[in-house]
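Below is one structure; the comments refer to it alone.
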């Protein structure tokens, strides 16, 4: 599989790969700073915004419990449990990502420093190395733009539906499914205050989840970059081996140190995966199951017809689930490609015996490289997303049968 250069304009050609990568990181840091979670800063400390978000999450949890209490005790509506739970998934995701990113900020900073050094080193090399960097940047930009579109669309719909219903039909629909004690959503003043509180929670939640998701995607999606650089290193080694015709030349120190460099780079690849697994282990577990729960609750709201904006939130939950699981598939494919590169794209028969042993060690390690997982219970793959989708559908049918009865 050959790497292809990304199409770029003449102005883009003048900009280095390192500058493009740093521009991506600068954008992510800006989003994280808006939520008080710019954890890759050297002297990061929790600030007023961070504590405000934690306070809003506590208020959200209390108000959700209050909403369920009012719905069951006053109105006798047990379906309020699933209605109020729709946004619980996103809220739990947001606070989990905030806590995990703060607690694992040193790991995230090390990953960012390593990737920055990688772009700085390999952009100076022509050919396949620069193509690999450009491909990684294109993948990161695609993730950033795609997720930005999803978040903007969902936030716009969640805000637009209640506003449109209030303006055109004079019907009061809440943005989020929680109430505040002492505020009557049926009165204009209470509805406007609830609308403002919901807007603030939605804005902070969207920015926070977006920033955390993008950090995860940028760090983990660079596994293919390291794999492609490994491919380029083997191509360089093969060129040296083809020039070597006698045994003395094949045992030259140059070939030896190139082989050592390849082994060390493969170890860096494994370290990046291990660091990503440690950093995002809890985030991935909570995110996947929270998305599945939100999908179930939102589908139920659509079926019983209590929330007009539910389809937009359903789109967000489903896309989040499949994009995260798709990220795990990217890592799994990269692991398989690494094994294939080591096995098929090296002229191993031209290597001295000592270097062949190093190659065997690499091959053994690559065959047992684990991918990302969902709480060490399920592999993070698209197939897992399909299994969860089937489980959500089965639970929905069970809920609908109980409703009919």
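The values are calculated or read from the model by the stated rules, or taken from the named source; none is laboratory data. None of these values were measured; they are calculated from a predicted model. Neighbour counts run over all protein chains shown; Cβ positions are idealised from the backbone, glycine included.
Per-structure values
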{"quantity": "Single unsatisfied condition, residue 365 versus (1) in a loop (DSSP other than H, G, I, E, B); (2) surrounded by 14 or more Cβ atoms within 10 Å (Cβ to Cβ)", "calculated": "(1)"}
{"quantity": "Selected residue [in a helix (DSSP H, G or I), at pLDDT 85 or above and closer than 30 Å to residue 398 by Cα] from 73, 58, 65", "calculated": "65"}
{"quantity": "Any hit, region 179-186, residues being in contact with a helix residue (DSSP H, G or I) (Cβ under 8 Å, 6 or more places away or on another chain) and buried (at least 21 other Cβ atoms within 10 Å of the Cβ)", "calculated": "yes"}
{"quantity": "Region 130-140 - residue that is closer than 10 Å to residue 228 by Cα and surrounded by fewer than 21 Cβ atoms within 10 Å (Cβ to Cβ) and, of those, nearest to the chain's Cα centre (by Cα)", "calculated": "135"}
{"quantity": "Qualifying positions in region 60-98 - over 25 Å from the mean Cα position of the chain (by Cα) and either more than 13 Å from residue 178 (Cβ to Cβ) or free of Cβ contacts under 8 Å to residues at least 12 places away in the same chain (or both)", "calculated": "62, 65, 69, 72, 73, 74, 75, 76, 77, 78, 79, 82"}
{"quantity": "Residue 50 vs. criteria touching a helix residue (DSSP H, G or I) at 6+ places or on another chain (Cβ under 7 Å) and either assigned to a helix (DSSP H, G or I) or modelled with pLDDT under 85 (or both)", "calculated": "no"}
{"quantity": "Verdict on residue 38 being closer than 30 Å to residue 299 by Cβ and not in a helix (DSSP H, G or I)", "calculated": "no"}
